[in-house]
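Q: Pasting a structure here, questions to come.
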Number of protein chains: 2
Amino acid sequence: MSRETLTPQSESFADWYNDVVLRAELADYSPVRGSMVIRPWGYGIWENMQRGLDDMFKATGHENAYFPLLIPMSFIEKEAEHVEGFKPELAIVTHAGGKELEEPLVVRPTSETVILEMYGKWIQSYRDLPILINQWANVMRWEMRTRLFLRTAEFLWQEGHTAHATAEEAQAHTRLILNVYRDFMENWIAMPPVTGLKSDSERFAGAVETYACEALMKDNRALQAGTSHFLGQNFAKASGVTFQSEEGREEYVWSTSWGVSTRLVGGMVMTHGDDAGLVVPPRLAPTQVVIVPIYKTDEERSATATKAREVEGRLKGLGVRVKVDDRDHMNPGAKYYEWERKGVPFRLEVGPKDLEKGSLALARRVIPEGEKRKLFLPENEAIETMAGRLEAFQTRLKEQAIARREANSHRGVTDWNTMREILEEEGGFVYTGWSGDPAVEERAKEEMKATVRCIPDPEFATPEAPTTCISGEGEAKYEVVWAKSY
Amino acid sequence: MSRETLTPQSESFADWYNDVVLRAELADYSPVRGSMVIRPWGYGIWENMQRGLDDMFKATGHENAYFPLLIPMSFIEKEAEHVEGFKPELAIVTHAGGKELEEPLVVRPTSETVILEMYGKWIQSYRDLPILINQWANVMRWEMRTRLFLRTAEFLWQEGHTAHATAEEAQAHTRLILNVYRDFMENWIAMPPVTGLKSDSERFAGAVETYACEALMKDNRALQAGTSHFLGQNFAKASGVTFQSEEGREEYVWSTSWGVSTRLVGGMVMTHGDDAGLVVPPRLAPTQVVIVPIYKTDEERSATATKAREVEGRLKGLGVRVKVDDRDHMNPGAKYYEWERKGVPFRLEVGPKDLEKGSLALARRVIPEGEKRKLFLPENEAIETMAGRLEAFQTRLKEQAIARREANSHRGVTDWNTMREILEEEGGFVYTGWSGDPAVEERAKEEMKATVRCIPDPEFATPEAPTTCISGEGEAKYEVVWAKSY
């Protein structure tokens with residue numbers, strides 16, 4: 001990695017984003033249109049996300065399973081809204097094993113249809129319910145305009161699919177998962193979302209209700225970071241999935257589905273990154289602390305390397321993910337640039353003077369206001385306080401992100417032109433009343449390229465509920481959050 | 001799960017296999033030809049395999065990454081042997097996003113071509129080498145005759161791809177991985193393989209050398225359970241992947257690739273299963289100990305449930321994966337059958353008498369010869385010895401499997417008819433001399449449906465090397481292992 005600077009965020013946030021994703025080696029363009037390669041640093045972050053989420057899913061009673069990549073076209077067509085939503089984006093296998101297939105197979109864009117079909121085989125009575133299954137998989141949606149992590153033809157995700165005996169239980173589960181997502185985004189990615197219900201126009205194709213996590217990026221655009229769908233009996237009816245109830249009646253099951261994807265990596269980038277590169281929250285960082293030995297002579301090299309390995313061993317023992325960068329062909333400055341660009345939370349420097357003094361220099365990827373660039377700490381203190389410092393850094397990133405989101409949330413806006421000015425000049429979240437008329441959404445889309453991100457959950461709602469629709473026509477049926485979005 | 005018995009192994013091993021995979025809920029047939037659904041119990045075993053292997057890969061310096069599912073047809077065609085080997089099995093995407101594609105894309109059957117292409121972008125000089133990357137992914141090979149886990153159109157696997165500056169380093173890496181696989185199979189799956197070099201006819205399409213792990217199943221047929229390929233400069237030349245050497249010369253990199261798949265789950269089934277169902281080695285078992293409360297009255301139910309939860313908590317604290325089966329609509333006997341079928345290593349029973357005595361009944365999935373079916377142990381002893389018992393059980397499964405493999409290995413066979421009789425009547429591994437003439441392999445395939453599984457590594461070779469070829473014609477160039485295989 002060279003020292004060339006990234007495009008500054010202020011010059012072009014989009015160019016900065018591409019620069020940092022490529023040059024922090026998170027991902028690369030592949031020779032296949034719209035598909036990306038996730039490089040080890042990016043995949044390591046995704047693995048940490050997977051581990052964190054998977055533990056949360058298991059703690060809430062879910063098991064993992066695996067369903068087929070290829071789905072018969074006729075399955076996708078079973079649910080009318082579903083096929084309408086997904087058909088334009090399908091990749092289709094027409095030939096296999098040297099022959100044309102009798103029925104084309106689609107590369108899964110999502111798996112409701114095939115999973116519900118299997119649930120139909122496994123469910124007889126209420127005793128077989130609920131089924132709480134999650135799948136980690138790749139999916140494919142043929143997008144015309146792709147962006148690394150944010151919108152790619154192929155992406156990695158988890159898709160949860162549950163089946164329940166009652167509507168109430170399924171609805172509660174949709175909510176439960178929304179809260180798992182929110183918890184994960186706040187406490188792992190330090191990317192605090194606003195949660196709420198999607199308007200009809202933004203609902204998942206085939207769902208009764210879609211709940212979403214909407215996070216605000218540093219360029220003041222919203223990122224839909226995760227969704228949880230209450231599917232009612234729509235897919236159960238399409239696939240004929242019934243069960244015998246406790247009262248002996250034959251009933252359709254109620255289902256939910258929910259997912260987050262590698263898009264979250266893009267969200268992390270745009271929540272914390274700066275002109276020096278990525279900032280990776282400690283819980284997600286494949287390497288939390290990098291140790292750089294500094295030396296001129298061979299003797300110094302040997303002595304600093306020994307100390308670096310010793311410190312590495314002690315930090316590992318304390319559960320810190322740590323790495324010594326002992327590449328001999330790079331000078332320390334080049335290493336600093338590289339690890340800053342990659343967003344490693346902390347760097348420890350071990351030089352000859354540190355050996356003399358028994359100290360270590362600690363450089364933090366983000367320097368708290370009013371503090372010095374580096375801290376010079378006694379070795380033991382540097383080591384023993386490291387886990388706590390990482391936790392504090394994680395918390396600080398979250399607090400900063402909440403503060404930024406709130407500073408860019410405009411509440412109580414009642415005038416169409418004010419909303420437009422805010423969205424065009426600053427961006428951010430604009431809270432207004434809405435009559436529920438889709439024509440208002442259409443107009444906002446045309447005039448200011450903004451959409452209703454969600455009807456915010458009570459926790460995020462403005463204490464004084466709006467009374468009039470932002471359009472100026474009609475009463476407010478809901479409070480909604482508007483934003484330009486990814 | 002009903003109490004119907006499985007097809008006995010002695011009646012039909014193939015039917016027993018299908019019965020147990022389906023009825024232990026490892027997997028199910030999907031509506032998509034040749035693709036299976038991996039159910040939570042089977043996927044949980046695969047997850048434990050992944051974790052074990054992944055730790056070994058990381059300990060040997062590898063990182064994970066992710067490459068595209070779809071590969072341009074022209075890439076597959078770059079390496080002549082490679083395309084010849086894989087073309088008949090390809091699934092091909094011809095349409096996407098509502099249009100016919102200009103160039104068809106194949107669903108990856110393996111990823112050498114696209115990964116080497118990317119390495120070409122990332123490698124400039126010897127300082128960028130070695131690259132040690134692994135990918136966990138799904139792949140697709142359109143098979144005509146499929147069997148759950150053993151041969152499916154889609155399967156899950158890991159594929160490692162490394163690039164090196166010298167042939168020696170790449171060859172050593174091929175070997176290193178073979179040993180990682182062997183270690184994993186022996187100590188996690190308790191499925192001890194014979195390792196060795198493949199003959200030319202069984203080499204990976206495009207490789208210079210293929211090393212394999214060959215395990216012997218309970219029906220005395222061999223299962224190729226993992227392969228590690230030295231690819232020479234074949235793929236580097238096909239994709240033009242060069243680097244500047246330390247001496248400043250432009251050279252092609254040397255590459256390796258290696259993989260194991262969900263086939264390992266099938267291997268586990270056929271290594272340890274019996275007429276009662278699966279036997280899952282403790283390291284792979286999603287649940288290592290199941291606790292079944294036994295009660296008649298409500299009072300007993302409440303008391304045994306409390307004790308079961310208490311024991312569960314203590315075992316969890318000791319790192320044991322434990323589960324209480326408190327389903328109220330099933331009697332204990334039905335639960336025993338189910339967990340035996342699923343192969344859970346140990347079962348603890350908590351009944352009213354146990355509460356009185358402060359004891360627990362321990363039932364082991366495989367009862368050591370001469371021991372009683374159940375052990376009645378003081379509660380503390382049952383809990384405190386559990387981790388040790390699980391380790392011992394793991395070791396015993398391995399030792400049994402080694403003993404079975406050795407008992408069914410026929411060494412020093414020098415006569416063609418003797419080999420045929422052994423392979424037709426008993427099966428197993430037959431060690432003979434071989435001239436290296438492919439015509440001998442052809443004849444064995446036709447006459448006894450057997451193949452050269454490998455040229456065994458020194459550790460597995462017969463101390464007294466054979467001198468004549470099993471065909472009766474010519475000298476033995478190698479000792480080889482013959483078997484009928486999956």
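The values are calculated or read from the model by the stated rules, or taken from the named source; none is laboratory data. All values derive from a computational prediction rather than experimental measurement. Virtual Cβ from ideal backbone geometry, glycine too; neighbours counted across all protein chains shown.
Q: Only helices (runs of 4 or more DSSP H) wholly contained in region A:10-103 count here; list those with 3 or more residues that are at the interface with chain B (Cβ under 7 Å from one of its Cβ atoms).
A: Ranges flagged: A:40-59.
Per-residue answers, yes or no, for (1) at pLDDT 95 or above; (2) on the phi > 0 side of the Ramachandran plot; (3) touching a Leu at 6+ places or on another chain (Cβ under 7 Å); (4) not hydroxyl-bearing (Ser, Thr, Tyr):
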{"position": "A:Ser111", "(1), (2), (3), (4)": "yes, no, no, no"}
{"position": "A:Ile123", "(1), (2), (3), (4)": "yes, no, yes, yes"}
{"position": "A:Ile131", "(1), (2), (3), (4)": "yes, no, no, yes"}
{"position": "A:Asn138", "(1), (2), (3), (4)": "yes, no, yes, yes"}
{"position": "A:Leu150", "(1), (2), (3), (4)": "yes, no, no, yes"}
{"position": "A:Phe155", "(1), (2), (3), (4)": "yes, no, no, yes"}
{"position": "A:Gln158", "(1), (2), (3), (4)": "yes, no, yes, yes"}
{"position": "A:Ala172", "(1), (2), (3), (4)": "yes, no, no, yes"}
{"position": "A:Tyr181", "(1), (2), (3), (4)": "yes, no, no, no"}
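Q: Also, quick follow-up: For the structure I just gave you, tell me whether A:Leu176 is of a type outside the set (S, T, N, Q) and surrounded by fewer than 24 Cβ atoms within 10 Å (Cβ to Cβ).
A: yes
Q: Continuing with the same structure: With respect to A:Thr166, is the statement that it is more than 12 Å from chain B (Cβ to nearest Cβ), farther than 25 Å from B:Pro72 by Cα and over 25 Å from the mean Cα position of the chain (by Cα) true?
A: Answer is yes for this residue.
Q: Tell me, please, whether a residue that is of a type in the set (Lys, Arg) and either within 30 Å of B:Gln124 (Cα to Cα) or in contact with a strand residue (DSSP E or B) (Cβ under 6 Å, 6 or more places away or on another chain) (or both) can be found in region B:143-153.
A: no
Q: Same structure again: Does B:Thr287 qualify as being polar (S, T, N, Q), modelled with pLDDT of 95 or more and surrounded by 23 or more Cβ atoms within 10 Å (Cβ to Cβ)?
A: no
Q: Within region B:420-430, does at least one residue satisfy the condition of being under 24 Å from B:Asp274 (Cα atoms) and of a type in the set (Val, Ile, Thr)?
A: Yes, that holds for at least one residue.
Q: How many residues does region B:450-479 hold that are in a strand (DSSP E or B), over 22 Å from B:Glu424 (Cα atoms) and among the acidic types (Asp, Glu)?
A: Looking only at that region, the number is 1.
Q: From the list B:Arg182, B:Arg175, which residue is farther than 23 Å from B:Met118 by Cβ, touching a residue at least 40 places away in the same chain (Cβ under 8 Å), assigned to a helix (DSSP H, G or I) and not polar (S, T, N, Q)?
A: Of B:Arg182, B:Arg175, the one residue that is farther than 23 Å from B:Met118 by Cβ, touching a residue at least 40 places away in the same chain (Cβ under 8 Å), assigned to a helix (DSSP H, G or I) and not polar (S, T, N, Q) is B:Arg175.
Q: If you don't mind, there's one more thing I want to ask. I need a count of the residues in region B:453-471 that are of a type in the set (Val, Ile, Thr) and either in contact with a Cys (Cβ under 9 Å, 6 or more places away or on another chain) or within 18 Å of B:Asn417 (Cβ to Cβ) (or both).
A: The number of residues fulfilling the criteria is 2.
Q: If you check B:Glu446, B:Glu442, B:Glu421, which single one turns out to be farther than 26 Å from B:Ala225 by Cβ and assigned to a helix (DSSP H, G or I)?
A: B:Glu421
Q: Could you tell me how many of the residues in region A:42-74 are more than 23 Å from A:Gly226 (Cβ to Cβ) and in contact with a Pro (Cβ under 7 Å, 6 or more places away or on another chain)?
A: Count: 2.
Q: Wholly within region B:273-390, which helices (runs of 4 or more DSSP H) include no fewer than the required count, namely at least 3 residues that are on the phi < 0 side of the Ramachandran plot and under 24 Å from the mean Cα position of the chain (by Cα)?
A: In region B:273-390, B:332-342 are the helices (runs of 4 or more DSSP H) which contain 3 or more residues that are on the phi < 0 side of the Ramachandran plot and under 24 Å from the mean Cα position of the chain (by Cα).
Q: Where residues in region A:104-145 are in a loop (DSSP other than H, G, I, E, B) and aliphatic (A, V, I, L, M), which of them is nearest to the other protein chains (Cβ to nearest Cβ)?
A: Out of the qualifying residues, it is A:Met144.
Q: Looking at A:Glu169, A:Glu81, A:Glu159, which one is buried (at least 19 other Cβ atoms within 10 Å of the Cβ) and acidic (Asp, Glu)?
A: A:Glu159
Q: Need the failing condition index for B:Gly259 against (1) under 30 Å from B:Met118 (Cα atoms); (2) in contact (Cβ under 8 Å) with a residue 40 or more places away in the chain; (3) touching a Ser or Thr at 6+ places or on another chain (Cβ under 6 Å), just the number.
A: Unmet condition: (3).
Per-residue answers, yes or no, for (1) within 22 Å of A:Ala305 (Cβ to Cβ); (2) touching a residue at least 40 places away in the same chain (Cβ under 8 Å):
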| position | (1), (2) |
| --- | --- |
| A:Pro352 | yes, yes |
| A:Glu356 | yes, no |
| A:Ser359 | yes, no |
| A:Leu362 | yes, no |
| A:Glu369 | no, no |
| A:Arg373 | no, no |
| A:Asn380 | yes, no |
| A:Leu397 | no, yes |
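Q: Moving on. Considering only residues that are assigned to a loop (DSSP other than H, G, I, E, B), touching a residue at least 40 places away in the same chain (Cβ under 8 Å) and of a type in the set (D, E, K, R), which ones fall in region A:185-228?
A: A:Lys198, A:Lys218, A:Asp219, A:Arg221 - these are the residues of region A:185-228 that are assigned to a loop (DSSP other than H, G, I, E, B), touching a residue at least 40 places away in the same chain (Cβ under 8 Å) and of a type in the set (D, E, K, R).
Q: Would you check if B:Trp339 is closer than 18 Å to B:Ile470 by Cα, surrounded by 13 or more Cβ atoms within 10 Å (Cβ to Cβ) and modelled with pLDDT of 95 or more?
A: When the stated conditions are applied, B:Trp339 does not pass them.
Q: Enumerate the pairs (first residue in region A:33-61 and at pLDDT below 95; second residue anywhere and not hydrophobic (A, V, I, L, M, F, W, C)) with beta-carbon separation below 7 Å, excluding pairs fewer than 6 apart on the same chain, so at least 6 apart or on different chains.
A: Between residues of region A:33-61 that are at pLDDT below 95 and residues that are not hydrophobic (A, V, I, L, M, F, W, C), the close pairs are A:Gly34/A:Glu143; A:Gly34/A:Thr146; A:Gly34/A:Thr152; A:Ser35/A:Thr152; A:Ser35/A:Glu154; A:Ser35/B:Pro68.
Q: Separate question: Condition first: touching a residue at least 60 places away in the same chain (Cβ under 8 Å) and either hydroxyl-bearing (Ser, Thr, Tyr) or crowded, with 22+ Cβ neighbours inside 10 Å (or both). Now tell me which residues in region A:435-472 satisfy that.
A: Answer for region A:435-472, where residues must be touching a residue at least 60 places away in the same chain (Cβ under 8 Å) and either hydroxyl-bearing (Ser, Thr, Tyr) or crowded, with 22+ Cβ neighbours inside 10 Å (or both): A:Thr451, A:Val452, A:Arg453, A:Cys454.
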